[in-house]
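Visitor: For reference, the structure I am asking about is given below.
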Amino acid sequence: MELEENSVSLEKYWQILQRRWKPTLLAFLSVFTIAQLITFLKQPIYIAEAKLRFQRNSSTSSITGLGTEIGKLDPLVQQGNPLNTETEVIKSIPVIETTIQRINRQYNHQIFSTTELFLKNLDIKLVKGADILEISYKYTDPKIAAAVVNELVTVYLEESLSSKRSDTILARKFIENQLPKAELVVRQAESQLADFKEENKVVSLQEEANKAVDVIANLQLRINETQSQLANIQSQSQVISQQLGMNSQQALLITSLSQVAGVQDILKEIQQLESQLASKQTSLQDNHPEIISLKQRIVSLNKLIKSRTVQVLGNYQVPGKNEVQIGTLQQQLSSRLVELESNRIGLASQADTLLRLQLSYKQRLNNLPKLEEKQRQLERKLQAAQSTYSLLLQKLQESRVAENQNLGNASVISTAQIPDKPATSVLISYLSSALLAILAGLATIYILEVQDKTIKTVEEAQELLGFNVLAVLPQVAKFVKNNSHINRFLIRDFSGSSLIESYRILRSHLNFIKNDRQVKTIVVTSAVPQEGKSTVAANLAMVMAQVNRKVLLIDANLQNPTQHEIWDVMNQEGLSNIIMGNMDINDNIHVHQVMPNLAVLTAGIFPVTNAVLDSQKMTDLITNFSREYDLIIIDTPAMNMTADAAILGQIADGILLVVRLGIVDSINAIAAKELLSKSGQNVLGQVIN
């Protein structure tokens, strides 16, 4: 299928070329000649070229390790090539203008007047598969061409280096401006951290936390031990207090009294007096002077003890004589009770102190996470400030070094040499002219084809009109040879040719057409004049008569009759005479018997209107002829001239449309098709002439 389509396309192009070969050849030769003439008169053009190699980083920066990011060749857009950017830099107006000024000064006259003229001959292209730009310039003078390329490369390298150094200087100045600010930020961060440590007495929070945990544990052990000792002392004190029948305060008072000087001696003396009194009372009366004397001495001694007790105890309740008079064991127990009370008070105070100390450590330990967080914040702030300050110091040093080194990414790998031969050779000149001439020829074909609306192929006619193709008639001109006197072409003049076979095919197709009624009357017409409908009608009548069918050929083209010329007969009487009334239908109508079984009714000399052809008289005439002849063929005018064909088609059994390729255009063909469709004609088919 694909081979068939290609074959059809090639055949179509070949047909177009056959139709348009004369104007195409003329256009080809004209353009080729003009192009060669221009090439001959034009001065030779020389091309000088140089090459630049590009690296992602400067070679100097790569060696020193400083300034590697300055001038780094990286595209901003995805899948972009930085060399395209460098190409545009080379073509920039500042670089071009500087180059023009230097070249003009070098040759002491204005060689280039505008940048547009300069850029017109400049070509910059990327060498495929390499980081190399090829810069070339075309000019009539080879020396100037080489000088332009070398000067352009020099200016570009200078501008590139200057641009990168200016960027480095700006960076250095910026860093120098930011460095004092960064140093101030470092000092402020250090001061804040120092104030924080001093205020919160921070040395090492982690070490302090670990130590605080150990201290709290040790304090808890000491608290437990102290509380255990305190419980033991309280238990001992309670037992001794029960044995003495007094509390610790009372024991303290008794112990204090027992240690007052003279009290025990007085108590012993009172005991002796009381013993004497008891002894005397057994033998003496109470009013005896000795008994009274003993009693008075006892009272005096008791008063003395009481005064001594008041001096020692002060406002405390003075104990009785029995309480003051204690034994050695009681005195030891009282002293032990006082000692235990003293130890209890000491241990209670110690336990309270330990608890308060433990609480303070716990509070400090609980506060340590907040202090650590605050310290980390201050340390991070200080570290960030120090990092920024260190980075600025490093970049300042790098910028100072990079400012004084070569930061260029481009290097010249080949300078432009003075060319010794023109850029274009004779062969290239011929090929260019031929290519241009071929394009001109193709353009000529295209323009002619676009302007030409005529139907050119059988396929186009069939597709456009939609009627069956009954026959395709070959060109008659190739059969004429030297018979230039032949005005109309009848198949009898071309015996044994393919033309006769084409008409026989047409006859066969008409015989095969099946309709509701027998086809006895055929109207032959065309869309426009000069399509050969009269010749087709004559030859069709001839081939029909050759098979022993009685045929009548009527020339109904009353405005421009031609059948009498084709058959070389007189046209004094004919169809117009009958219709206009000069001859009766029943009279012996004069027809020309041009060959066996074929008669011709010429048009006559009277002009007839469409209304006359549409009359009943014309209908009756065709009806009468149908009784006498087997087939009636009516030659009518073109459909774009008159409506005769449509009128007569209503009387006839069918219409045969003649289409001549290269004569009828698509507009008239479509108009004829619409007219036939709207008038309800029975179109038998089309004949491609």
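Visitor: Within the stretch 20-43, can you find the residues that are open to solvent by 90 Å² or more (accessible area, probe 1.4 Å), at pLDDT below 70 and assigned to a helix (DSSP H, G or I)?
Guide: Answer for the stretch 20-43, where residues must be open to solvent by 90 Å² or more (accessible area, probe 1.4 Å), at pLDDT below 70 and assigned to a helix (DSSP H, G or I): 40, 41.
Visitor: Can residue 136 be described as at pLDDT below 80 and open to solvent by less than 50 Å² (accessible area, probe 1.4 Å)? Don't jump to the end; show me each part of the working.
Guide: Values: at pLDDT below 80: no; open to solvent by less than 50 Å² (accessible area, probe 1.4 Å): yes.
For residue 136, the condition - at pLDDT below 80 and open to solvent by less than 50 Å² (accessible area, probe 1.4 Å) - is not met.
Visitor: Output the residues belonging to the stretch 80-98 that are among the hydroxyl-bearing types (Ser, Thr, Tyr) and assigned to a helix (DSSP H, G or I). It would help to see each step written out before you state the result.
Guide: Taking the stretch 80-98 first, the residues among the hydroxyl-bearing types (Ser, Thr, Tyr) are 85, 87, 92, 98.
Within the stretch 80-98, 85, 87, 98 qualify.
Visitor: Does residue 665 satisfy the criteria of being more than 26 Å from residue 574 (Cβ to Cβ) and either open to solvent by 10 Å² or more (accessible area, probe 1.4 Å) or free of Cβ contacts under 8 Å to residues at least 12 places away in the same chain (or both)?
Guide: Numbers: more than 26 Å from residue 574 (Cβ to Cβ): yes; either open to solvent by 10 Å² or more (accessible area, probe 1.4 Å) or free of Cβ contacts under 8 Å to residues at least 12 places away in the same chain (or both): yes.
Yes; evaluated as a whole, the condition is true for this residue.
Visitor: What pairs can you find where one residue is in the stretch 494-505 and under 17 Å from residue 688 (Cβ atoms) and modelled with pLDDT of 70 or more, the other is polar (S, T, N, Q) and open to solvent by less than 60 Å² (accessible area, probe 1.4 Å), and their Cβ atoms are less than 7 Å apart, with a gap of 6+ or different chains?
Guide: 503/539
Visitor: Which one of the conditions (1) under 30 Å from residue 398 (Cα atoms); (2) surrounded by 18 or more Cβ atoms within 10 Å (Cβ to Cβ); (3) at pLDDT below 85 does residue 112 fail to meet, given that it meets all the rest?
Guide: Of the numbered conditions (1) under 30 Å from residue 398 (Cα atoms); (2) surrounded by 18 or more Cβ atoms within 10 Å (Cβ to Cβ); (3) at pLDDT below 85, the odd one out for residue 112 is (1).
Visitor: What is the one condition in (1) over 43 Å from the mean Cα position of the chain (by Cα); (2) of a type in the set (Val, Ile, Thr); (3) modelled with pLDDT under 80 that residue 450 does not satisfy?
Guide: (1)
Visitor: Follow-up question, since we're still on this one. Any chance the stretch 321-329 includes a residue that's modelled with pLDDT of 75 or more and exposed (fewer than 15 other Cβ atoms within 10 Å of the Cβ)?
Guide: Residues of the stretch 321-329 that are modelled with pLDDT of 75 or more, as a first pass: none.
Taking every residue of the stretch 321-329 in turn, none turns out to be modelled with pLDDT of 75 or more and exposed (fewer than 15 other Cβ atoms within 10 Å of the Cβ).
Visitor: If you don't mind, another one. Of the residues that make up the stretch 596-605, is at least one part of a loop (DSSP other than H, G, I, E, B), at pLDDT 85 or above and surrounded by fewer than 21 Cβ atoms within 10 Å (Cβ to Cβ)?
Guide: There is at least one residue in the stretch 596-605 that is part of a loop (DSSP other than H, G, I, E, B), at pLDDT 85 or above and surrounded by fewer than 21 Cβ atoms within 10 Å (Cβ to Cβ).
Visitor: Can you confirm whether residue 222 is in contact (Cβ under 8 Å) with a residue 60 or more places away in the chain and closer than 30 Å to residue 410 by Cβ?
Guide: Numbers: in contact (Cβ under 8 Å) with a residue 60 or more places away in the chain: yes; closer than 30 Å to residue 410 by Cβ: no.
In short, no.
Visitor: Report yes if some residue within the stretch 648-659 is modelled with pLDDT under 85 and open to solvent by 20 Å² or more (accessible area, probe 1.4 Å); otherwise report no.
Guide: No - not one qualifying residue is present in the stretch 648-659.
Visitor: While we're on this one: Restricting to the stretch 378-403, give me the number of residues that are over 30 Å from residue 167 (Cα atoms), open to solvent by less than 80 Å² (accessible area, probe 1.4 Å) and of a type outside the set (Asp, Glu). Can you show your working first?
Guide: Quick first cut of the stretch 378-403, residues over 30 Å from residue 167 (Cα atoms) only: 378-382.
Now restrict to residues that are open to solvent by less than 80 Å² (accessible area, probe 1.4 Å): 378-379, 382.
This time we only want the ones that are of a type outside the set (Asp, Glu), so: 378, 382.
Total satisfying the criteria: 2.
Visitor: Tell me whether the stretch 558-571 contains one or more residues that are more than 15 Å from residue 631 (Cα to Cα), part of a strand (DSSP E or B) and in contact with a helix residue (DSSP H, G or I) (Cβ under 6 Å, 6 or more places away or on another chain). Full working, then the answer.
Guide: Applying the first criterion (more than 15 Å from residue 631 (Cα to Cα)) to the stretch 558-571 yields 558-571.
Add one more test, that the residue is part of a strand (DSSP E or B), and what stays is none.
Taking every residue of the stretch 558-571 in turn, none turns out to be more than 15 Å from residue 631 (Cα to Cα), part of a strand (DSSP E or B) and in contact with a helix residue (DSSP H, G or I) (Cβ under 6 Å, 6 or more places away or on another chain).
Visitor: So, in the stretch 642-689, of the ones that are assigned to a loop (DSSP other than H, G, I, E, B) and under 60 Å from the mean Cα position of the chain (by Cα), which residue ends up nearest to residue 527 (Cα to Cα)?
Guide: Here is the first cut: in the stretch 642-689, the residues assigned to a loop (DSSP other than H, G, I, E, B) are 642-643, 652-653, 660-664, 679-682, 689.
Subsequent filtering for residues that are under 60 Å from the mean Cα position of the chain (by Cα) retains 660-664, 689.
On the way: 660: 9, 661: 12, 662: 13, 663: 10, 664: 7, 689: 13 Å.
Per the stated criteria, the residue is 664.
Visitor: When both residues are 6+ apart or on different chains and their Cβ atoms are under 9 Å apart, which pairs have a first residue that lies in the stretch 269-290 and is within 17 Å of residue 301 (Cβ to Cβ) and among the acidic types (Asp, Glu), and a second that is in a helix (DSSP H, G or I) and open to solvent by 90 Å² or more (accessible area, probe 1.4 Å)?
Guide: Sorted first by the residue in the stretch 269-290, then by its partner, the pairs are 269/297; 290/276.
Visitor: Moving on to the next point. Working only within the stretch 418-430, note down all residues that are exposed (fewer than 14 other Cβ atoms within 10 Å of the Cβ) and modelled with pLDDT of 75 or more. Quick ask: steps written out before the conclusion?
Guide: Initially, the stretch 418-430 is screened for residues exposed (fewer than 14 other Cβ atoms within 10 Å of the Cβ), giving 418, 420-421, 425-428.
Answer for the stretch 418-430, where residues must be exposed (fewer than 14 other Cβ atoms within 10 Å of the Cβ) and modelled with pLDDT of 75 or more: 418, 420, 421.
Visitor: Restricting the stretch 405-417 to residues that are part of a loop (DSSP other than H, G, I, E, B) and modelled with pLDDT of 75 or more, which is surrounded by the most Cβ atoms within 10 Å (Cβ to Cβ)? Show your work before the answer.
Guide: Let us first name the residues in the stretch 405-417 that are part of a loop (DSSP other than H, G, I, E, B), namely 405-409, 415-417.
Next, from what is left, pick out any that are modelled with pLDDT of 75 or more: 415-417.
On the way: 415: 14, 416: 24, 417: 13.
Applying the filter and picking the extreme gives 416.
Visitor: Which one of the conditions (1) at pLDDT below 80; (2) of a type in the set (Val, Ile, Thr); (3) out of contact with any Gly (no Cβ under 6 Å at 6 or more places or on another chain) does residue 469 fail to meet, given that it meets all the rest?
Guide: Here residue 469 meets the rest and fails (1).
Visitor: Continuing with this model, one more query. Would it be correct to say that residue 159 is touching a helix residue (DSSP H, G or I) at 6+ places or on another chain (Cβ under 7 Å), modelled with pLDDT of 80 or more and surrounded by 13 or more Cβ atoms within 10 Å (Cβ to Cβ)? Break it down stepwise before answering.
Guide: Details: touching a helix residue (DSSP H, G or I) at 6+ places or on another chain (Cβ under 7 Å): yes; modelled with pLDDT of 80 or more: yes; surrounded by 13 or more Cβ atoms within 10 Å (Cβ to Cβ): yes.
The answer is yes for residue 159.
Visitor: Report whether or not residue 70 is aliphatic (A, V, I, L, M), within 14 Å of residue 410 (Cα to Cα) and modelled with pLDDT under 80.
Guide: yes
The values are calculated or read from the model by the stated rules, or taken from the named source; none is laboratory data. Bear in mind that the values here come from a model prediction, so they are computed numbers and not experimental data. Counting neighbours? That spans all protein chains shown, and the Cβs are built from the backbone with ideal geometry, glycine included. The area values use the complete protein model at the heavy-atom level, side chains included, leaving out ligands, DNA and RNA. Shrake-Rupley method; radii C 1.70, N 1.55, O 1.52, S 1.80 Å.
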